[in-house]
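Enquirer: One structure follows; several queries about it will come next.
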Amino acid sequence: MAKKETNAKMEDIISLCKRRGFIYQGSEIYGGLAGTWDYGPLGITLKNNIRNLWWKTFVTDREDMYGIDAAILMNQKVWKASGHVATFSDPLVECKKCKKRFRADQLENDKKCPECGGELGEARQFNMMFQTHVGPVQNDESISYLRPETAQGMFVNYKNVMDSFHPKLPFGLAQIGKAFRNEIAPRDFTFRSREFEQMEIEYFLKGADWKEVFEYWRKQMWAWMESLGLSKNHIHELEVPAEKLAHYSKRTIDFEYDFPFGLNELYGLAYRTDFDLKNHSEASGVTLDYLDEEAKERFTPHCVEPTFGVDRSILAVICEAYTEDELGGEKRIFMKFKPALAPVKVAVFPLLKNKPELVKKAREVYAALKKEFGAVMFDDNGNIGKRYRRQDEIGTPYCVTVDFETIEKDNCVTVRDRDTGNQERVKIEDLLNHFKKAL
């Protein structure tokens, strides 16, 4: 059995991501733009697989969840009411010598520059929202912001969903979308970026029920991380102390993951009380309460918020999947994705690409599998060993090889398992059922 090496280095993971078309540096041919990343052909497929699984798990398969897609640009009053204009900031320090800037709360020594050793200036607050202007005239009234989170789009649409669907408490609004933060110091590959994507839920409930609902969602988040193939040993719960809670939160749990660059936040679960709906109601003058027809009472619902970063999910899945072992006496690198997440489910090869009869039969097998599973690749580049290594590096669970015996003898193909390297002969007519079970 192949043995996994556990100490993956971040530079090796980043190299594989670029080499195999998962993630590229944004604007790379112009020297890049810090804190921006582009997803390549395999990266966007992995991203879509994670997003689709999340949507199915938390929206499609449930009766109490309503999906929305709110605009990125919103009325500036939204961000004033939410507290972002006044409080959404990080402490910024600047080196008096080299003039580089850093987040003060991420420095071991907030008096000494980590780059040149020079003296750091006094910390000042830096609002992380990207400001823009709407319309041809730029003044205080035209100010808007690229949203720093997707949550507020759900809070301001609470009344719309209530009026359209009349849901009963508890119920949730769910959204997947882009968010933007003008990070002082983007770092650790895609972990801390200026443009990223969130999968968020705002789950509305009676205030008296918040502890029970909070615990329910804590368990749901653990189940979700398991469905991604993340090891429980690599995930740690952190109860955020009262002095570090966000201004809207009464309780928050961070789920931290053991990334190669250290233990860092993956997801968060927050009890936001009735802060958001109450503030938006007061600021807008629109009533955002709930009528409990059975109890004959009106009240402002409270909210529990499970939030999942798409990019951090992808990074954690890639770090978890990255595996080095020895197979056949040679070192290999492979991505041990769960089959449901793998960008390519099956690769089909002709043993030799200069034999038309092999290529024709391989194309027939490929077409049948692709019609059923979609994420199937045809590969005839290089010898069979190189093809296996290439498919291992992109995490393809199974490879199918058409050889001369397929045509001349048994109508069987060789199916190779990514994780073990084991091979078996399977009849072509049995392939669909074989992979339906395996995948």
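Enquirer: Every residue in segment 253-298 that is assigned to a strand (DSSP E or B), exposed (fewer than 15 other Cβ atoms within 10 Å of the Cβ) and of a type outside the set (D, E, K, R), please.
Expert: GLY262, LEU263, LEU291
Enquirer: Of everything in segment 229-251 that's hydrophobic (A, V, I, L, M, F, W, C) and under 20 Å from GLY262 (Cα atoms), which residue is surrounded by the most Cβ atoms within 10 Å (Cβ to Cβ)?
Expert: LEU230
Enquirer: Would you mention how many residues in segment 311-356 are within 15 Å of GLU226 (Cα to Cα) and polar (S, T, N, Q)?
Expert: Residues flagged as within 15 Å of GLU226 (Cα to Cα) and polar (S, T, N, Q) within segment 311-356 amount to 1.
Enquirer: Name the pairs whose Cβ atoms lie under 8 Å apart, with the first residue in segment 236-260 and closer than 10 Å to TYR271 by Cα, the second in a helix (DSSP H, G or I) and charged (D, E, K, R), and 6 or more positions between them or separate chains?
Expert: TYR248/ASP276; ILE253/ARG218
Enquirer: Going residue by residue through segment 29-48, is there one that turns out to be touching a residue at least 60 places away in the same chain (Cβ under 8 Å), in contact with a Gly (Cβ under 8 Å, 6 or more places away or on another chain), under 20 Å from TRP224 (Cβ atoms) and not in a loop (DSSP other than H, G, I, E, B)?
Expert: The answer is no, given that none of the residues of segment 29-48 is touching a residue at least 60 places away in the same chain (Cβ under 8 Å), in contact with a Gly (Cβ under 8 Å, 6 or more places away or on another chain), under 20 Å from TRP224 (Cβ atoms) and not in a loop (DSSP other than H, G, I, E, B).
Here's the yes/no breakdown for (1) modelled with pLDDT of 90 or more; (2) within 27 Å of GLY207 (Cα to Cα); (3) surrounded by fewer than 17 Cβ atoms within 10 Å (Cβ to Cβ):
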| site | (1), (2), (3) |
| --- | --- |
| ALA86 | no, yes, yes |
| PRO91 | no, no, no |
| ARG101 | no, no, yes |
| GLN175 | yes, yes, no |
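Enquirer: Only residues that are closer than 21 Å to GLU122 by Cβ, of a type in the set (A, V, I, L, M) and part of a helix (DSSP H, G or I): list them for segment 78-97, please.
Expert: ALA86
Enquirer: Another one. Which count do you get for residues in segment 135-174 that are of a type outside the set (Gly, Ala, Ser), closer than 20 Å to GLY309 by Cβ and touching a helix residue (DSSP H, G or I) at 6+ places or on another chain (Cβ under 9 Å)?
Expert: Total meeting the criteria: 8.
Enquirer: Report yes if some residue within segment 148-157 is assigned to a helix (DSSP H, G or I) and surrounded by fewer than 14 Cβ atoms within 10 Å (Cβ to Cβ); otherwise report no.
Expert: no
Enquirer: Please work out which residue is nearest to ARG418 (Cα to Cα), limiting yourself to segment 32-47 and to residues that are exposed (fewer than 14 other Cβ atoms within 10 Å of the Cβ) and modelled with pLDDT of 95 or more.
Expert: Going through the qualifying residues, I end up with PRO41.
Enquirer: Among (1) modelled with pLDDT under 95; (2) within 28 Å of ASP12 (Cβ to Cβ), which single condition is GLY374 missing?
Expert: (2)
Enquirer: Are any residues in segment 146-175 out of contact with any strand residue (DSSP E or B) (no Cβ under 8 Å at 6 or more places or on another chain) and more than 14 Å from LEU288 (Cβ to Cβ), and if so, which ones?
Expert: Passing the criteria: SER164, HIS166, LYS168.
Enquirer: How many residues are aliphatic (A, V, I, L, M), more than 18 Å from the chain's Cα centre (by Cα) and farther than 25 Å from ALA81 by Cα if we restrict to segment 221-274?
Expert: 1
Residue by residue, here is whether (1) surrounded by fewer than 17 Cβ atoms within 10 Å (Cβ to Cβ); (2) of a type in the set (Val, Ile, Thr); (3) at positive phi; (4) over 19 Å from the mean Cα position of the chain (by Cα) holds:
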residue: ILE13; (1), (2), (3), (4): no, yes, no, no
residue: ILE23; (1), (2), (3), (4): no, yes, no, no
residue: ILE29; (1), (2), (3), (4): yes, yes, no, yes
residue: ALA71; (1), (2), (3), (4): yes, no, no, yes
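Enquirer: Regarding GLU212, is this residue among the acidic types (Asp, Glu), touching a Phe, Trp or Tyr at 6+ places or on another chain (Cβ under 7 Å) and under 20 Å from ASP64 (Cα atoms)?
Expert: no
Enquirer: Does ARG332 satisfy the criteria of being surrounded by 15 or more Cβ atoms within 10 Å (Cβ to Cβ), outside the structural domain of CYS17 (by TED's automatic domain parsing) and basic (Lys, Arg)?
Expert: So ARG332 fits the description; yes.
Enquirer: Determine which single condition ILE384 fails, assuming it passes every other condition in (1) touching a Ser or Thr at 6+ places or on another chain (Cβ under 8 Å); (2) modelled with pLDDT of 95 or more.
Expert: Here ILE384 meets the rest and fails (2).
Enquirer: Of all strands (runs of 3 or more DSSP E) completely enclosed by segment 328-439, which ones contain at least 1 residues that are over 29 Å from the mean Cα position of the chain (by Cα)?
Expert: In segment 328-439, 330-335, 346-350, 398-402, 412-417, 423-427 are the strands (runs of 3 or more DSSP E) which contain 1 or more residues that are over 29 Å from the mean Cα position of the chain (by Cα).
The values are calculated or read from the model by the stated rules, or taken from the named source; none is laboratory data. All values reported here derive from a predicted model rather than from experimental measurement. We place every Cβ from the backbone using ideal geometry, glycine too, and count neighbours over all the protein chains shown.
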